[in-house]
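Student: Sharing a structure here in structure tokens format.
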Amino acid sequence: MIAVIDYRMGNLFSVVKALEYVGGEVRVLEQPEELEHFGACLLPGVGNFGDGAEALHSRGWTPVLRRFIAGGRPFFGICLGMQLLLDASEEAPGAAGLGVIPGPVRRFPPAVGKVPHMGWNTVAWSDRLPVGLEALPEESYYFVHSYYACPDDPAWRLGRCNYTIDFAAALGRDRLLATQFHPEKSQQSGLRLLTAFVAAEQAS
């Protein structure tokens, strides 16, 4: 069973439907104490980093999510759900993220072009992918974002994309995967990722 976290930051419908389409058994969670009973977790999100961090902290999700990830169960963060894994963001000075991945989230510089970065772009994958994602081809995915993750340790970077500058399109280690793009909006390339995530959950 995959827990999809509802912390009031985005419409969960497309994520849930995509997971179910590829064979996932899904439940949307609003109460943090329920998460310990699940084999995998997905943290979606759209919107402002500060609002997202406050929503997680005020609803009691922060320590629960940290324990879940530390326990090594499959975890997937999408868009804002990826950025919130880091320490902080230029979008909301003073707001603390989950701190699972050390480093900041930065805004695309003015010279980069039109911001937000919106639409399809190609991701080149590392050969150090989490369990179940060992052979991903270079493919296009759908992005909508003005900020990008800058992990202190480059080993966290699993997917690279270019929007005038190179940036981390995906982060991860062990059984954690997080993407700046939206796999649920990325047609077949995104469904391949979600299929691998569901398979990892069913094998755990």
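Student: Quick check of the Kirkwood formula: for the chain, what is the inverse mean of 1/r over all pairs of different Cα atoms, in Å?
Tutor: Here the Kirkwood hydrodynamic radius works out to 16.6 Å.
Student: Per residue, how much accessible area does the chain have with a 1.4 Å probe, in Å²?
Tutor: Ligands and nucleic acids excluded, the figure is 43 Å² per residue.
Student: OK, next. Of the heavy-atom accessible surface of the chain (probe 1.4 angstrom), what whole percent is carbon and sulfur?
Tutor: 50
Student: Under 8 Å for C-alpha pairs, at least 6 residues apart: give me the relative contact order for the chain, rounded to a whole percent.
Tutor: Over the chain, the number comes to 21 percent.
Student: On to the next question. Which one of Ser140, Pro154, Leu19 is farthest out on the positive end of the charge dipole of the chain, using unit charges on Cβ (Lys, Arg +1; Asp, Glu -1) and the Cα centre as origin?
Tutor: Ser140
Student: Would you tally the net charge around Leu191, using a Cβ to Cβ cut-off of less than 14 Å, leaving Leu191 out, and scoring K and R as +1, D and E as -1?
Tutor: Local charge sum for Leu191: 0.
Student: Among Ile2, Leu35, Leu129, whose Cα lies farthest out toward the positive end of the dipole of the chain, if unit charges sit on the beta carbon of Lys, Arg (+1) and Asp, Glu (-1)?
Tutor: Of the options given, the answer is Leu129.
Student: Translational D (Stokes-Einstein, µm²/s) of region 100-204 at 10 °C and 1.306 mPa s when Rh comes from the Kirkwood sum over C-alpha pairs?
Tutor: D, rounded to a whole number, is 112 µm²/s.
Student: Across region 83-90, in residue order, what do the Karplus-derived ³J(HN,Hα) couplings come to in whole Hz, using 6.51 cos²θ - 1.76 cosθ + 1.60 with θ = phi - 60° and x for Gly and Pro?
Tutor: My calculation for region 83-90 gives 4, 5, 6, 8, 6, 6, 9, 5 Hz in order.
Student: If you don't mind, there's one more thing I want to ask. Quick check for me: using +1 on Lys/Arg Cβ and -1 on Asp/Glu Cβ, what's the dipole size of the chain about its Cα centre, in debye to the nearest 20?
Tutor: 240
Student: Further, regarding this structure: Give the Kirkwood hydrodynamic radius (Å, one decimal) of region 154-202, defined as one over the mean of 1/r across all pairs of different Cα atoms.
Tutor: Roughly 11.7 Å, rounded to one decimal.
Student: Return the calculated 222 nm mean residue ellipticity for the chain, to the nearest 500 deg cm²/dmol, obtained by summing -39500 (n - 2.57) across DSSP H runs with n ≥ 4 and dividing by the residue count.
Tutor: Using -39500 (n - 2.57) per qualifying helix, the result is -7000 deg cm²/dmol.
Student: Please figure out what share of the DSSP beta bridges in the chain is antiparallel and state it in percent, rounded to the nearest 5.
Tutor: Antiparallel: roughly 60 percent of the beta bridges in the chain.
Student: For region 111-171 and region 27-102, compute the distance between their C-alpha centroids and round to whole Å.
Tutor: Centre-to-centre (Cα) distance: 19 Å.
Student: Still on this structure: Once Rh for region 1-97 is found with the Kirkwood sum over Cα pairs, what is the Stokes-Einstein diffusion coefficient at 4 °C and 1.567 mPa s, in µm²/s?
Tutor: Estimated via Stokes-Einstein, D reaches 96 µm²/s.
Student: A follow-up question, please. Testing the spin-label approximation: label points 7 Å from Cα along Cα→Cβ at Arg66 and Phe13. State their distance in nm.
Tutor: 3.6
Student: Taking the Cα centre of region 140-204 as origin, sum charge times position over the Cβ atoms of Lys and Arg (+1) and Asp and Glu (-1), and report the length of that vector in debye to the nearest 20.
Tutor: Computed charge dipole of region 140-204: roughly 160 debye.
The values are calculated or read from the model by the stated rules, or taken from the named source; none is laboratory data. The structure presented is a predicted model; accordingly, all values stated were derived computationally and were not measured. Using ideal geometry, Cβ is built from the backbone for each residue, glycine included, and neighbour counts are taken over all protein chains shown. For accessibility, only protein heavy atoms count, side chains too; no ligands or nucleic acids. Shrake-Rupley method; radii C 1.70, N 1.55, O 1.52, S 1.80 Å.
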